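Peer 1: Could you have a look at this structure, given as structure tokens, before my questions?
The values are calculated or read from the model by the stated rules, or taken from the named source; none is laboratory data. Everything numeric here is computed off the predicted structure, so don't read it as measured data. All Cβ positions, glycine included, derive from the backbone under ideal geometry; neighbour counts span all protein chains shown.
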Amino acid sequence: MTTAVAQPAAPIFYNSLTALDSTLHLGWGVRNQTCLLTAAKANAIPLGVSEFWYASAHYPIVFGPAGASVFPVAITAIVEGHNLFIDEQGEWAADTYIPAWLRRYPFWMQPDPDGENASLWFDPSAQQVVPLHEFADAKPLFDFLGNPNLALERIIQFCKQCQADTNHTYAFMQALEAHELLLDRQVSVELSPGNTYSLRGFRVIDMAKYHQLPDAVLAQWVRHGWTSLIALHQVSLQHNWQKLLTLHRRLND
């Protein structure tokens, strides 16, 4: 796969991006390893709207501060600088949902300016896209003609799914912003006796304003599935802050 677009800026958790090229990377493959140390210090992971159902069972789902490209996020720690769900080997905690943003890593799909096509990039620092002759466990990305092999086809398909979900997520966020439904919040917790910590810099949905939306708007949101997303957002806040605090105390005892 070749690229015809300018070098994109490295997204969050990516150190740099290299274009995947069927000529340059003909003898390369992808290793089936999952090391997520790149997000080991993150207390918030971007989420797409298709993930709310799964993520709401494990994490508070909130929204970033006002600004460009605001995204929903899963809160993975109360104290900044330490993701409670990643161990020292970069493994995610068992039996908890891993956000698609991290499952897609180290790959990244960059749409062309006209939106008609997209190019595939990867973070070389992840050491997952490697020369086949150096790593026996790597699966070939291309056949001898330079066409995508099954491993690459699956990566492309997943990246396309992520991109489609991103588009749906932006539409949801634009609707929330247009109706001014997001308000700043903070959470203060007692980590240990006499040790209180406040987590700031996120927003939640103003439910009082939400319940005052016109019936026509709510009907449209029901058809889009957005009212279900708001319900999942609320459920995640009711149950998961205490889960995070319990996990923090257990890991820091």
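Peer 1: Restricting the search to region 145-166, which residues are loosely packed, with under 14 Cβ neighbours inside 10 Å and without any contact (Cβ under 8 Å) to a residue 40 or more places away in the chain?
Peer 2: Listed by number, the residues that qualify are Leu145, Leu150, Glu153, Arg154, Gln157, Ala164.
Peer 1: OK, next. Given the conditions (1) buried (at least 17 other Cβ atoms within 10 Å of the Cβ); (2) not in a loop (DSSP other than H, G, I, E, B), and given that Tyr59 satisfies all but one, which numbered condition is not satisfied?
Peer 2: (2)
Peer 1: Limited to region 67-85, what total is found for residues that are among the aliphatic types (A, V, I, L, M) and either within 14 Å of the chain's Cα centre (by Cα) or surrounded by fewer than 17 Cβ atoms within 10 Å (Cβ to Cβ) (or both)?
Peer 2: 6
Peer 1: May I pose another question? Of the numbered conditions (1) in a loop (DSSP other than H, G, I, E, B); (2) within 18 Å of the chain's Cα centre (by Cα), Glu88 satisfies every one except a single condition; which is it?
Peer 2: (2) is the only condition that Glu88 fails.
Every residue, every condition in (1) outside any loop (DSSP other than H, G, I, E, B); (2) at pLDDT 95 or above; (3) more than 23 Å from Asn43 (Cβ to Cβ); (4) in contact with a Phe, Trp or Tyr (Cβ under 6 Å, 6 or more places away or on another chain), yes or no:
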residue	(1), (2), (3), (4)
Gly81	no, no, no, no
Tyr97	no, yes, no, yes
Trp101	yes, yes, no, no
Trp108	yes, yes, no, yes
Pro113	no, no, yes, no
Ala136	no, no, yes, no
Gln157	yes, yes, yes, no
Phe172	yes, yes, no, yes
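Peer 1: Another question, if that's okay. Just checking: which of the helices (runs of 4 or more DSSP H) contained wholly in region 194-253 hold 3 or more residues that are touching a Ser or Thr at 6+ places or on another chain (Cβ under 9 Å) and more than 18 Å from Glu177 (Cα to Cα)?
Peer 2: Correct list: 226-252.
Peer 1: For the condition among the β-branched types (Val, Ile, Thr), closer than 30 Å to Glu134 by Cα and in contact (Cβ under 8 Å) with a residue 12 or more places away in the chain, what is the one hit in Val49, Val70, Val30, Val62?
Peer 2: Exactly one of Val49, Val70, Val30, Val62 is among the β-branched types (Val, Ile, Thr), closer than 30 Å to Glu134 by Cα and in contact (Cβ under 8 Å) with a residue 12 or more places away in the chain, namely Val30.
Peer 1: Shifting gears a bit: Can you tell me which condition Ser119 does not meet? The list is (1) part of a helix (DSSP H, G or I); (2) surrounded by 16 or more Cβ atoms within 10 Å (Cβ to Cβ); (3) hydroxyl-bearing (Ser, Thr, Tyr), and all the others hold.
Peer 2: Condition not satisfied by Ser119: (1).
Peer 1: Return the total of residues in region 24-56 being over 15 Å from the mean Cα position of the chain (by Cα) and either part of a helix (DSSP H, G or I) or over 23 Å from Phe122 (Cβ atoms) (or both).
Peer 2: Within region 24-56, residues that are over 15 Å from the mean Cα position of the chain (by Cα) and either part of a helix (DSSP H, G or I) or over 23 Å from Phe122 (Cβ atoms) (or both) number 0.
Peer 1: Okay, moving on. Return yes or no: is Ala44 aliphatic (A, V, I, L, M), within 15 Å of Tyr97 (Cα to Cα) and surrounded by fewer than 22 Cβ atoms within 10 Å (Cβ to Cβ)?
Peer 2: It is false that Ala44 is aliphatic (A, V, I, L, M), within 15 Å of Tyr97 (Cα to Cα) and surrounded by fewer than 22 Cβ atoms within 10 Å (Cβ to Cβ).
Peer 1: Please work out which one of (1) surrounded by 14 or more Cβ atoms within 10 Å (Cβ to Cβ); (2) out of contact with any strand residue (DSSP E or B) (no Cβ under 7 Å at 6 or more places or on another chain); (3) closer than 30 Å to Trp221 by Cα; (4) not aliphatic (A, V, I, L, M) is the condition Trp53 fails and give its number.
Peer 2: Condition (1) is where Trp53 drops out.
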